[in-house]
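The values are calculated or read from the model by the stated rules, or taken from the named source; none is laboratory data. Note that the structure is predicted; figures quoted are calculated from it, not measured. Backbone-built Cβ (ideal geometry, glycine too); neighbour counts: all protein chains shown.
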Amino acid sequence: MIHIAITAGGTEETIDGVRKITNMSSGSLSWFCLQAVLSYIDRHKIEAYTIHYIKAPRAVTNELNAEHASHINFIEVTNTQSVYNTVETLMSEVDVDIFIHAMAISDFSYAYSVAKSDLAEEIYQQITANKEISKKEIEASITNPKSKHSADAKISSSQEIVMGFETTPKVISLIKKIKPNTFLVGFKLVKHNKDNHMIKQAEKLRLANNCDAVFANEASQLSVKGHAGVLLYKGEPVARPIGKKEIAEAIVSLAFQKIN
């Protein structure tokens, strides 16, 4: 039995009862990866397989035939913590052969909001009461202000606000820690399209998370047909596909080549 995991779309971090922060990821590259996996499986007449497709709410999905659909385990996630929990459970319970981690994960999650004037007043009162107040005490007030809004209430638009964010757990670092033999593909989006810069940033990601392969691309080149970048295996460029379909095929071909 072959197990393949693919993450898709962009996570959503809740601010209040009606607002969320997300990103522009559609999950289309992940869907192309799913299609590339299914094409490979059909060509090689593989019958025993399961694809665990971990998808964010707005990740694109298309119709599948009944045979393919019966082999796909769709797992719905929302925020980064839900992705972390899902991946941790999956990797602990299943021997995943290939993990394509293409989801756009939020680096920060919402912690609180507070009216700017209320936070200023709170800190002012602290300083007035204690001229020797420490930097650590001020930081504590900024991190967890007493006057912050209720987590369940809608934030009023009548006042200017300050928002606090905290770092999210790193999902990609979980994968090889739990299953060192999984073939892990990471993705690195960079702002500068100079080749050496992309490769350098991809290598940082690989070394930090023990990725086997990394696809690096530049932020301005994300269209379906014009999407371009470099696929690296163990830090060395192995392909420079153009177009999301071609990128997915290059990734899937490399992954199956290395696990066989």
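Regarding Val190, is this residue modelled with pLDDT under 95, assigned by TED's automatic domain parsing to the domain that holds Ser173, β-branched (Val, Ile, Thr) and closer than 14 Å to Phe32 by Cβ?
No, not satisfied.
Results for (1) among the polar types (S, T, N, Q); (2) crowded, with 21+ Cβ neighbours inside 10 Å, shown as yes or no for each residue.
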site	(1), (2)
Glu12	no, no
Asn23	yes, no
Gly27	no, yes
Gln35	yes, no
Tyr49	no, no
Val60	no, no
Val83	no, yes
Leu90	no, yes
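When only residues in the stretch 81-137 that are part of a loop (DSSP other than H, G, I, E, B) and farther than 30 Å from Ala59 by Cα count, which is nearest to the chain's Cα centre (by Cα)?
Ser134
Restricting to the stretch 222-244, count the residues that are exposed (fewer than 13 other Cβ atoms within 10 Å of the Cβ) and modelled with pLDDT under 80.
Number satisfying all stated conditions: 4.
Which members of the stretch 45-72 meet the condition of being within 16 Å of His3 (Cβ to Cβ) and in contact with a Phe, Trp or Tyr (Cβ under 7 Å, 6 or more places away or on another chain)?
Tyr53, His71, Ile72
When the residues of the stretch 128-149 are narrowed to those that are loosely packed, with under 10 Cβ neighbours inside 10 Å and polar (S, T, N, Q), which ends up farthest from Tyr112 (Cα to Cα)?
Taking the candidates together, the pick is Thr128.
Are there any pairs, at least 6 apart or on different chains, whose C-beta atoms fall under 7 Å, with the first in the stretch 242-258 and under 15 Å from Leu232 (Cβ atoms) and the second among the hydroxyl-bearing types (Ser, Thr, Tyr) and modelled with pLDDT of 95 or more, and if so, which?
Pairs found: Leu254/Tyr233.
Taking the condition touching a Lys or Arg at 6+ places or on another chain (Cβ under 9 Å) and among the β-branched types (Val, Ile, Thr), does Val37 pass?
It is false that Val37 is touching a Lys or Arg at 6+ places or on another chain (Cβ under 9 Å) and among the β-branched types (Val, Ile, Thr).
Looking at Asn73, is it without any contact (Cβ under 8 Å) to a residue 24 or more places away in the chain, in contact with a strand residue (DSSP E or B) (Cβ under 9 Å, 6 or more places away or on another chain) and not hydroxyl-bearing (Ser, Thr, Tyr)?
yes
Give me the residue from the stretch 165-211 that is assigned to a loop (DSSP other than H, G, I, E, B) and hydrophobic (A, V, I, L, M, F, W, C) and, out of that set, surrounded by the most Cβ atoms within 10 Å (Cβ to Cβ).
The residue in question is Cys211.
Within the bounds of the stretch 165-177, is there any residue that is aliphatic (A, V, I, L, M), in contact with an Asp or Glu (Cβ under 7 Å, 6 or more places away or on another chain) and at pLDDT 95 or above?
yes
Every residue in the stretch 1-42 that is of a type in the set (Val, Ile, Thr) and part of a strand (DSSP E or B), please.
Selection gives Ile2, Ile4, Ile6, Thr7, Thr14, Ile21.
When residues of the stretch 14-52 are filtered for being under 19 Å from Lys170 (Cα atoms) and either in contact with a helix residue (DSSP H, G or I) (Cβ under 7 Å, 6 or more places away or on another chain) or of a type in the set (A, V, I, L, M, F, W, C) (or both), how many remain?
The total comes to 1.
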